[in-house]
Amino acid sequence: MESFVQFRKGETPHHVHRDLDGLKDEELGRYGFVGRQAQLYRENDPTAYTAEGDISLTDVLVEDLEPTDLTDASGRPLELFRNADVRFLLSRRTEPMPFFARNVGGDELFFVHRGTGIFETEFGPIPYEPGDWVLLPKAVTYRHVPEAGAEQAFLIIEAVEEFRVPEPGILGRHFPFDSSCMFVPEPEVHTEGGPTWQVRLTRRDETSVLTYQHHPFDVRGWKGDYFPFKYNIRDYNVIYSESVHLPPTNQLFLQAEGVVVLNFLPRPAESREGTERLPWYHRNADYDEVALFHSGDLFGVQMPPGLLSHAPQGIHHGPPERARARARRKFAEYDRVNWSVMSIDCRKPLTVNPEIRRISQEQA
Ligand SMILES: [Fe+2]
């Protein structure tokens, strides 16, 4: 429950996330950065701990994970995390699907980390490139056709309830993004003959196969407001402030029940002297956070492309103190933040695939 009551006790900077004077700035908050919260100004780095047990950070590199679709055209993506609302999967499909796919368990939102190709759909083809978000809504039939020879990697967010664009807020309906920049497919009818066509029907851990005597993409036209689309991150408008590092939630892209999808993209750096440029230490009390480091650097330090991380709710995380000290030291040298990080916050705690946890712990 939000309130307008705020207190200030002990030693605190004048303004949030500025002029820390050696204090360690931590945010403890409810409801994913928009609910009640407290800044705690500490003596020590709150991420300086070691963890054992089921509730801990997970960090893995995409290149270290091998979904069965990497080497087998009939293979599947690898599940990373799940809760009742959402699942995260990694696909590295290199061969065209020798079947058609239809997920009747929820929407599939693909982020193209690596690769080019086409998602053929019954609404028409969607060509893709790195930086695309491709939404294949629940029960839409599609076929993934990667381009031959191109390295491929996709983070799939499967949501039980439908993904929707956010309601327009105080900045109006073109922010944070102009939905008319979506790519929406044109129908491309297939009439070719063949013996039979198979559609692989999936619902989480369940699978069926439907066999058709005609090509599933026989649509001559379509109309309505339920359709697959893609949106590239280059068309997303980044909002920033010169005097404070804004909370992640201002970079909302899509949302479904229990899950929000955020884009952290290149932008001018905060320029007011004394402003902290890196995300503050935080404990997100009500949301698990998943991030994919897509590309870019942070003030000259390369970000590991393909790093997938999971921070359970209530666990301190954030860049370490040495990175903060460097950002302050190099304040005058850099005037842009050059990261591209896809961040997905989930209301219910996620269960980590034990195989993913094992790989993370081996690399720690
Ligand atoms: Fe976070």
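The values are calculated or read from the model by the stated rules, or taken from the named source; none is laboratory data. Given the structure is predicted, the values throughout are model-derived calculations rather than measurements. Every residue, glycine among them, receives a Cβ derived from its backbone with ideal geometry; neighbour counts consider all protein chains shown. Keep in mind that these areas ignore ligands, DNA and RNA; they rest on the heavy atoms of the full protein, side chains included. Shrake-Rupley method; radii C 1.70, N 1.55, O 1.52, S 1.80 Å.
For the chain, set up a GNM with springs between Cα atoms under 10 Å and report which of 288, 225, 59 has the largest fluctuation.
225
Just the projected area, averaged over all directions, of the convex hull on the alpha carbon atoms of the range 178-293: how many nm²? Walk me through the numbers before you get to the answer.
Working: hull surface 46.4 nm².
Directional mean of the projected Cα hull area for the range 178-293 stands at 11.6 nm².
Taking all protein chains as present, what is the carbon and sulfur share of the accessible area of the range 278-364, in % to the nearest whole number, probe 1.4 Å? Mind dumping the intermediate values first?
Details: 2040 of 3760 Å².
Here carbon and sulfur together make up 54 percent of the probe-accessible area.
Report the extension gain between residue 15 and residue 179 in nm, rounded to one decimal, defined as 0.36 nm multiplied by the number of residues separating them, less their alpha carbon distance. All intermediate terms of the calculation are to be shown ahead of the outcome.
Working: separation 164, 0.36 × 164 = 59.04 nm, distance 3.47 nm.
Contour length minus Cα-Cα distance gives 55.6 nm.
Run the accessible area of the range 74-160 with a 1.4 Å probe and give the carbon-and-sulfur part as a rounded percent. Before the final figure, lay out the partial values.
Details: 1250 of 2360 Å².
So the carbon and sulfur contribution to the accessible surface is 53 percent.
If you keep only loop residues by DSSP, which chymotrypsin sites (Phe, Trp or Tyr not before Pro) in the range 242-317 have at most 15 other Cβ atoms within 10 Å of their Cβ? Intermediate values should be presented prior to the final figure.
On the way: sites: 253, 264, 280, 281, 287, 293, 299; in loops: 280, 287, 299.
Filter output for the range 242-317: empty list.
Given the options 138, 330, 223, state which has the largest fluctuation in a GNM of the chain using a 10 Å cut-off (strictly under) for Cα springs.
In the Gaussian network model the winner is 223.
At 7 Å along the Cα-to-beta-carbon direction for both residue 30 and residue 207, put a label point, then send me their distance in nm to one decimal.
4.4 nm
Treat each spin label as a single point 7 Å out from the Cα along the C-beta direction, and report the residue 302 to residue 48 distance in nm.
A separation of 2.9 nm, rounded to one decimal place.
Which of 313, 10, 156 sits farthest toward the positive end of the charge dipole of the chain, with +1 on the Cβ of Lys and Arg and -1 on the Cβ of Asp and Glu?
Farthest along the dipole direction, towards plus: 10.
Please give, to one decimal in nm, the separation of the simple spin-label points placed at residue 249 and residue 186, each 7 Å out from Cα toward the Cβ.
4.2 nm
In the range 1-49, what GluC sites (Glu not before Pro) fall in a loop by DSSP, with at most 14 other Cβ atoms inside 10 Å? Write down the numbers at each step before the final one.
On the way: sites: 2, 11, 26, 27, 43; in loops: 2, 11, 43.
Listed in order of number, the matching sites are 2, 11, 43.
With runs of 4+ DSSP H residues as the only contributors, calculate the mean residue ellipticity of the chain at 222 nm using -39,500 (n - 2.57) per run, divided by the residue total and rounded to the nearest 500.
Values: 2 runs with 19 residues, N = 364.
Helix contribution divided over all residues of the chain: -1500 deg cm²/dmol.
Just to confirm, what accessible area per residue do you get for the chain at 1.4 Å probe, in whole Å²? Show your work: numbers first, answer last.
On the way: 18090 Å² over 364 residues.
So the chain comes to 50 Å² accessible per residue, rounded to a whole number.
From the Cα gyration tensor of the range 1-159, with a ≥ b ≥ c the square roots of its eigenvalues, which class applies: rounded if a/c is under 1.5, or else prolate if a/b is larger than b/c, or else oblate? Spell out each step's value before the answer.
Details: a/c = 2.81, a/b = 2.29, b/c = 1.23.
It is prolate, given that a/c is not under 1.5 and a/b is the larger ratio.
With the convex hull built on the Cα atoms of the chain, state its orientation-averaged projected area in nm².
Values: hull surface 78.2 nm².
That works out to 19.6 nm².
For the chain, what is the percent of antiparallel DSSP beta bridges, rounded to the nearest 5? Can you show the working numbers first?
Details: 88 of 96 bridges.
Beta bridges within the chain, antiparallel portion: roughly 90 percent.
Can you give the charge dipole size of the chain about its Cα centre, rounded to the nearest 20 debye, using +1 on the beta carbon of Lys and Arg and -1 on the beta carbon of Asp and Glu?
On the way: 40 positive and 56 negative charges, 125 e Å.
Computed charge dipole of the chain: roughly 600 debye.
If each residue of separation counts as 0.36 nm, what is the full-extension length gain between residue 6 and residue 139 once their alpha-carbon separation is subtracted? Numbers along the way, then the final one.
Details: separation 133, 0.36 × 133 = 47.88 nm, distance 4.69 nm.
Going from the current span to full extension adds 43.2 nm.
Kindly write out, for the range 198-215 in residue order, the coupling ³J(HN,Hα) from the Karplus curve 6.51 cos²θ - 1.76 cosθ + 1.60 (θ = phi - 60°), rounded to whole Hz, with x marking Gly and Pro.
Whole-Hz 3J(HN,Hα) from phi for the range 198-215: 10, 10, 8, 8, 10, 8, 6, 8, 9, 9, 9, 10, 9, 10, 10, 8, 9, 5.
Which is farthest toward the positive dipole end of the range 8-119 among 83, 44, 94, measuring Cα position about the Cα centre, with Cβ charges +1 (Lys, Arg) and -1 (Asp, Glu)?
So the residue we want is 83.
Mind checking the full-extension length gain between residue 333 and residue 239? Use 0.36 nm per residue of separation minus the Cα-Cα distance, one decimal, nm. Working shown, then result.
Details: separation 94, 0.36 × 94 = 33.84 nm, distance 2.20 nm.
Extending this stretch completely gives an extra 31.6 nm.
Need the list of lysines near residue 230 for cross-linking: C-alpha distance under 28 angstrom, and skip anything on the same chain fewer than eight residues off.
Output for residue 230: 138, 348.
For the full complex of protein chains and a 1.4 angstrom probe, list 133, 222 by accessible area with the highest value first. Don't jump to the answer; show the numbers that get you there.
Numbers: 133 5, 222 75 Å².
Heavy-atom accessible area, descending, gives 222, 133.
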